[in-house]
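A.B. asks: The structure that follows is given in the form of structure tokens.
The values are calculated or read from the model by the stated rules, or taken from the named source; none is laboratory data. Being a predicted model, the structure only gives us computed values, none of them experimental. Methodologically, a virtual Cβ is constructed for each residue, glycine included, from the backbone with ideal geometry; neighbour enumeration extends over all protein chains shown.
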Amino acid sequence: MSITQDIPAIFLEKISPKGLEAIQKTKDFVHDYCLPADAIYLSQISNDPATRWTSTPPVMEKLKAKARELGLWNMFLSKHYPEGPGFTNLEYGLMARYLGRSYTAPEATNTAAPDTGNMELFAKYGTGYQKQKWLQPLLNGEIRSAFVMTEKGTSSSNALNICTSAKLNSKGNYVVNGHKWFASGAGDPRCSVWLVMCKTSDDSANPYRNHTVLVIDAKKAIASGKAKVVRPLHVIGYDDAPHGHCEIEFSDFEIPAEDMPHAVLAGVGRGFELIQSRLGPGRIHHCMRAIGAGEFALLRIAHRSNHRLIFGKPMNQRESFLTRYAQSRIDIERCLLLVLNAAHKIDISNAKAAQREIAMAKIETPRTIGAILDWGIQVFGAEGVSQDTELARMWANNRTLRIADGPDEAHLAQLARNEASRFGEVDKFFANFQAKRDRVGRL
């Protein structure tokens, strides 16, 4: 089926011919290569604790080679950046929709988090040296990265609470102390660079200028013995090896003198600005991949219903099943429109101007898709919670999105405050309502 039938009509004319071709290629690549490779990839992850975190499944490099051959590489890096292929956020969002159907597809196309957000930061703020040293190998898919922000025992959804310190010593080198965790990607043996959110000053008059993102050579840091990857954390039972979500401890880690000239990204005190820049498009990517997972779940559900008898009657003929399925399609379409509208708003303005639209999409999509995945598990019964379908893993991945990149409560609170700030306009609207009614009545 042509992808033009998958794209909401209101957005179809906004997609370039190049974009349409890439979206179709993405859909075909996911269906023809990535989905069949998912089980192979998972089977190739070592179960030996000694090698589980030191090797990567060989099938991935084969998928990456095929993706590059098809021109499906780094599609996330929007037309604002010369290093990217020139797609809009709207166009890439529609590609991410298909990428989200498969476990392997994002990495296969070099569009996996957290590398996407980190590459965008390097592209937007990086110096020539940082781009050569870190951005280019990331764009080539040669190394991986981690964004090290969340802290153990700290309410990290408010970045102002981040307290891992980076202080200049007598030699002029930053010394880092703190306890981070849920550093996604830090377990990967190819992870070579950490972007670490640190507190570099304590100016109460300028709280949004107290934090800095440091660019740290991960291999050097670990080799020093002063930065330790304590453990990979489990996420609802999954360790996501070899990628991992890791706990990292900094104990007087001193950035080497030769790295200090290139250790700060964008500038001292610009950490808050950088994380806001990073999170806007990233939330769109997460939401579109979640929609892809929800759509794949509906495919699984439909297939199950075609071959399942319930008291002698096919499931796909039972009214209760069909009405729930139809409602799920409506729910996904609602999320799709919310997310694509946010992506388009970023394209025609910027992430800050699209804050309201991004918040709505980020709040609504994971919880809606979560309900659909949960229903899918229920349709499959005991099999649904096992490793014999993708549904349990998809549900676990989706559940984290209600916390990652800002919990639902934070987004809802911010959206509510912004909406409430306009309540005064309501009084103005109704101030002369009766007078206007009387005037119209005399016409």
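A.B. asks: Could you please let me know if Arg393 is under 29 Å from the mean Cα position of the chain (by Cα) and either of a type outside the set (S, T, N, Q) or in a helix (DSSP H, G or I) (or both)?
C.D. replies: Numbers: under 29 Å from the mean Cα position of the chain (by Cα): yes; either of a type outside the set (S, T, N, Q) or in a helix (DSSP H, G or I) (or both): yes.
It is true that Arg393 is under 29 Å from the mean Cα position of the chain (by Cα) and either of a type outside the set (S, T, N, Q) or in a helix (DSSP H, G or I) (or both).
A.B. asks: Shifting gears a bit: Could you tell me which numbered condition Pro189 fails, if it satisfies all but one of (1) part of a helix (DSSP H, G or I); (2) over 18 Å from the mean Cα position of the chain (by Cα); (3) touching a residue at least 60 places away in the same chain (Cβ under 8 Å)?
C.D. replies: Going through the list (1) part of a helix (DSSP H, G or I); (2) over 18 Å from the mean Cα position of the chain (by Cα); (3) touching a residue at least 60 places away in the same chain (Cβ under 8 Å), Pro189 breaks only (1).
A.B. asks: Return the total of residues in region 146-164 being without any contact (Cβ under 8 Å) to a residue 60 or more places away in the chain and either of a type in the set (Lys, Arg) or not in a loop (DSSP other than H, G, I, E, B) (or both).
C.D. replies: Going through region 146-164 one residue at a time, the tally reaches 2.
A.B. asks: So which residues in region 114-128 are out of contact with any strand residue (DSSP E or B) (no Cβ under 8 Å at 6 or more places or on another chain) and acidic (Asp, Glu), if there are any at all?
C.D. replies: Within region 114-128, Glu120 is the sole residue that qualifies.
A.B. asks: So, one more: Looking at Leu298, Leu279, can you tell me which residue is under 13 Å from the mean Cα position of the chain (by Cα) and either aromatic (Phe, Trp, Tyr) or surrounded by fewer than 23 Cβ atoms within 10 Å (Cβ to Cβ) (or both)? Quick ask: steps written out before the conclusion?
C.D. replies: Working: Leu298 fails: under 13 Å from the mean Cα position of the chain (by Cα).
Step by step, each of Leu298, Leu279 is checked, and only Leu279 is under 13 Å from the mean Cα position of the chain (by Cα) and either aromatic (Phe, Trp, Tyr) or surrounded by fewer than 23 Cβ atoms within 10 Å (Cβ to Cβ) (or both).
A.B. asks: With Asp239, Asp259 as the choices, which residue is in contact with an Asp or Glu (Cβ under 7 Å, 6 or more places away or on another chain) and either at pLDDT below 95 or charged (D, E, K, R) (or both)? Reasoning before the result, please.
C.D. replies: Details: Asp239 fails: in contact with an Asp or Glu (Cβ under 7 Å, 6 or more places away or on another chain).
None of the other options fit; the residue is Asp259.
A.B. asks: Taking Ala351 as meeting all but one of (1) closer than 21 Å to Gly117 by Cβ; (2) part of a loop (DSSP other than H, G, I, E, B); (3) at pLDDT 95 or above, write down the number of the exception.
C.D. replies: Ala351 satisfies all of (1) closer than 21 Å to Gly117 by Cβ; (2) part of a loop (DSSP other than H, G, I, E, B); (3) at pLDDT 95 or above except (3).
A.B. asks: If you don't mind, there's one more thing I want to ask. So which of Ala22, Ala67 is outside the structural domain of Ala343 (by TED's automatic domain parsing), small (Gly, Ala, Ser), closer than 30 Å to Ala241 by Cβ and surrounded by 14 or more Cβ atoms within 10 Å (Cβ to Cβ)?
C.D. replies: On the way: Ala22 fails: closer than 30 Å to Ala241 by Cβ.
One residue alone meets the criteria, Ala67.
A.B. asks: Quick one: how many residues across region 202-237 are loosely packed, with under 15 Cβ neighbours inside 10 Å and touching a Lys or Arg at 6+ places or on another chain (Cβ under 7 Å)?
C.D. replies: Within region 202-237, residues that are loosely packed, with under 15 Cβ neighbours inside 10 Å and touching a Lys or Arg at 6+ places or on another chain (Cβ under 7 Å) number 2.
A.B. asks: Considering every residue within region 103-120, establish whether at least one is in contact with a Cys (Cβ under 6 Å, 6 or more places away or on another chain), assigned to a loop (DSSP other than H, G, I, E, B) and not assigned by TED's automatic domain parsing to the domain that holds Cys335.
C.D. replies: Looking through region 103-120, at least one residue is in contact with a Cys (Cβ under 6 Å, 6 or more places away or on another chain), assigned to a loop (DSSP other than H, G, I, E, B) and not assigned by TED's automatic domain parsing to the domain that holds Cys335.
A.B. asks: Would you mind finding the one in Leu90, Leu77 that is in a helix (DSSP H, G or I) and within 19 Å of Leu279 (Cα to Cα)?
C.D. replies: Details: Leu77 fails: in a helix (DSSP H, G or I).
Result of the check over Leu90, Leu77: Leu90.
A.B. asks: Further, regarding this structure: When region 179-201 is examined, which residues are found to be surrounded by fewer than 24 Cβ atoms within 10 Å (Cβ to Cβ) and more than 28 Å from Met60 (Cβ to Cβ)?
C.D. replies: His179, Lys199, Thr200, Ser201
A.B. asks: For residues in region 369-389 being out of contact with any Gly (no Cβ under 8 Å at 6 or more places or on another chain) and either under 19 Å from Ile330 (Cα atoms) or not assigned by TED's automatic domain parsing to the domain that holds Leu401 (or both), which is surrounded by the fewest Cβ atoms within 10 Å (Cβ to Cβ)?
C.D. replies: Ala371
A.B. asks: Further question on the same structure: Consider Val176 carefully, then state whether it is over 30 Å from Leu412 (Cα atoms) and buried (at least 17 other Cβ atoms within 10 Å of the Cβ). Walk me through how you get there before you give the answer.
C.D. replies: Values: over 30 Å from Leu412 (Cα atoms): yes; buried (at least 17 other Cβ atoms within 10 Å of the Cβ): yes.
Answer is yes for this residue.
A.B. asks: Identify, please: which residue in region 234-254 is in a loop (DSSP other than H, G, I, E, B) and touching a helix residue (DSSP H, G or I) at 6+ places or on another chain (Cβ under 8 Å) and is, among those, nearest to Thr150 (Cα to Cα)?
C.D. replies: So the first thing to find is which residues in region 234-254 are in a loop (DSSP other than H, G, I, E, B), and the list is 234, 236-237, 239-244.
When the remaining residues are screened for being touching a helix residue (DSSP H, G or I) at 6+ places or on another chain (Cβ under 8 Å), the result is 236-237.
Numbers: Ile236: 18, Gly237: 20 Å.
Of everything passing the filter in region 234-254, Ile236 is nearest to Thr150 (Cα to Cα).
A.B. asks: Check off (1) in a strand (DSSP E or B); (2) buried (at least 24 other Cβ atoms within 10 Å of the Cβ); (3) not polar (S, T, N, Q) for Lys167 and give me the number that stays unchecked.
C.D. replies: It fails just one condition, (2).
A.B. asks: Give Ala382, Ala404 a once-over and let me know the one that is out of contact with any Leu (no Cβ under 8 Å at 6 or more places or on another chain) and in a loop (DSSP other than H, G, I, E, B). It would help to see each step written out before you state the result.
C.D. replies: Working: Ala382 fails: in a loop (DSSP other than H, G, I, E, B).
Answer to the selection: Ala404.
A.B. asks: Let me ask something else. Give me the pairs: first residue in region 305-318 and part of a loop (DSSP other than H, G, I, E, B), second residue not aromatic (Phe, Trp, Tyr), beta-carbon distance under 6 Å, and six or more apart or on different chains, which are they?
C.D. replies: Final answer for the pair search is Arg308/Met315.
A.B. asks: Scan Phe311, Phe321, Phe296 and give me the residue that is at pLDDT below 95 and not polar (S, T, N, Q). Spell out how you get there, then give the answer.
C.D. replies: Working: Phe321 fails: at pLDDT below 95; Phe296 fails: at pLDDT below 95.
Exactly one of Phe311, Phe321, Phe296 is at pLDDT below 95 and not polar (S, T, N, Q), namely Phe311.
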